[in-house]
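The values are calculated or read from the model by the stated rules, or taken from the named source; none is laboratory data. Quick caveat, the model's predicted, so the values are computed rather than measured. Ideal geometry is used to build each Cβ from the backbone, glycine not excepted, and the neighbour counts take in all protein chains shown. Calculation scope for accessible area: heavy atoms of the full protein, side chains included, ligands and nucleic acids excluded. Shrake-Rupley method; radii C 1.70, N 1.55, O 1.52, S 1.80 Å.
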Amino acid sequence: MKKYRLPIVALAVIVAGIALFGAVYYTMDLSLALAGEKNVTVGLNALYEDEGTKARVGGRDASDRVKVYGEVDTSVPGTYTLEYKIGTLTVERTVNVSEEMDPELVLDGATDIEMMLGEEFEEPGYSASDDDGSDLTDKVKVTGASPDKAGESIIRYTVTDSEGNTTQLVRKVNVEPNTEYDAAGLPICMYHYVYDENDPPDDLYDRFGNYISQQDLEEELNWLNEEGYYYPTWKEVREYVDGKRLLPSKSIVLCFDDGAKSFLEYGIPVLEKCKVPATCFMITSSDGENKITEYESEYVTYQSHSDNMHRGGGHIGHGGIFTALSHDEALADLQKSIEICGSRDAFAYPYGDYNDMSRAEVEEAGFLCAMTTQAGKAYPGDDPMLLPRVRMSMGQSLEQFIYMVQPPSSYSDEGNLQEDEQ
């Protein structure tokens, strides 16, 4: 039997034909259609939500692959065109924005307000009605009405009538930084070591009262949670002392200095049980890298207590060596601790010792905040590189703890002065 071979050119033509057929089939199996009306009319400042399109490719839904061109600005009357494309197909929708609101929403007073952080925002007022004049004011929803940080805040006013038409207006509030308002103060608590009352350590009474039992710590954390305390981040602490953010009057920061095994083994389980975040200021030269890896916890952030400056050799305060090191030595130590901790959010001065040079070196290293051992709460206007702390001591009662950390009685839970105290 004679065999026939197709010439290479003929074979190429056949393959190209198959490819062409496939391409034609793909195009024929592509569909695109508008969801909703082709021509839409909405009121001025309407909350417009486009209904999109429905597309299919090869029998499968491909609506998420449709590209949309154009936009609708309902704050400006006019006609807008939205174009939807997929493959070779294109469809359009026309959106007409009328010159009247539906429903009507009116803001009293200025739509751009200037105020200082810490000042109480006074709502200028608003009103709303539907197309037959019925009052809808009580149906207006207001969101974002409590500016709590410096910068521009947006307050949104939204009302919907019985037919589902929605109008939304905004008021801009520019909040200026301020450190002069009357703040409750932020307790930054300084703990050290933790132990189990059922198995006390041999050096319990040789650590200058720096131990706290697991049992007492849990009691304090439970009280904080019951009272609804807020646990700010170090970024929020910095913004607070810089006068750029308000904090609830019931706010607190918990710190455990040194990174001792006693805290890692006995303190972290209590934090995890109570779901309370805390900072461990780690002396990184004391096996810090391994400790941070072994005792990783979603409730603990590790920050610098220096690499190897928690030792004697200086002549200021408790005699810590930090103030006696050269500029380059100090910065090298700080940088090493930052690399091991993986963060430069906060720093605790070894022994609480510092001078103008060491303070400047901590700032140059890029820390957001730095802790001393000076007693007191932190307030807006405080030097972020020299923040005071509230010392926690062995044997303190829950009542003593509460006395040290709670805000003055003149403050409400929201962080502002109560009306009868203003």
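Starting from the alpha-carbon convex hull of region 299-422, give the projected area averaged over all orientations, in nm².
Hull-based average projected area comes out at 9.9 nm².
Tell me, in nm to one decimal, what length is gained between residue 316 and residue 73 on full extension, where the rule is 0.36 nm per residue of separation less the Cα-Cα distance?
81.1 nm
Per the 1.4 Å probe, what fraction of the accessible area of region 19-175, in percent, lies on carbon and sulfur atoms?
For region 19-175, the apolar C and S fraction of the accessible surface comes to 46 percent.
Could you sort 318, 327, 310 by accessible area so the largest value comes first, with the probe set to 1.4 Å?
Order by accessible area, largest first: 318, 327, 310.
In the chain, with Lys and Arg counted as +1 and Asp and Glu as -1 at Cβ, which of these residues, 74, 111, 253, has the Cα nearest the positive end of the dipole, that is, farthest along it?
Result: 74.
Leaving ligands and nucleic acids out of the surface, order 135, 257 by accessible area at 1.4 Å, largest first. Walk me through the numbers before you get to the answer.
Details: 135 110, 257 5 Å².
The ranking, largest first, comes out as 135, 257.
Hey, if we sort 321, 154 by accessible area with the 1.4 Å probe, largest down, what's the order?
Of 321, 154, the descending order of accessible area is 154, 321.
With r as the distance between the Cβ atoms of residue 329 and residue 393 and R0 = 30 Å, compute the FRET efficiency 1/(1 + (r/R0)^6) and round to 0.05.
The formula returns an efficiency of 0.35 here.
Let me cross-check residue 172: its accessible surface, 1.4 Å probe, with only protein heavy atoms counted, in Å² to the nearest 10?
80 Å²
Suppose each label sits 7 Å from its Cα in the direction of the beta carbon; what would the residue 132-residue 39 distance come out to in nanometres?
Rounded to a tenth, the inter-label distance reads 2.7 nm.
How large a share of the accessible area of region 271-347, in percent, is made up of carbon and sulfur atoms when the probe is 1.4 Å and the other protein chains stay in place?
45 percent
Taking 25 Å as the cut-off for C-alpha to C-alpha distance, list the pairs among 38/67; 291/377; 235/336 that go past it.
Distance filter (> 25 Å) returns 291/377.
Can you give the accessible area per residue of the chain, in Å², using a 1.4 Å probe?
Working: 22940 Å² over 422 residues.
Spelled out: the 1.4 Å probe surface of the chain, per residue, equals 54 Å².
Treat every Asp and Glu Cβ in the chain as -1 and every Lys and Arg Cβ as +1, leave all other atoms uncharged, and give the resulting dipole magnitude about the Cα centre to the nearest 20 debye.
That gives a dipole near 3120 debye.
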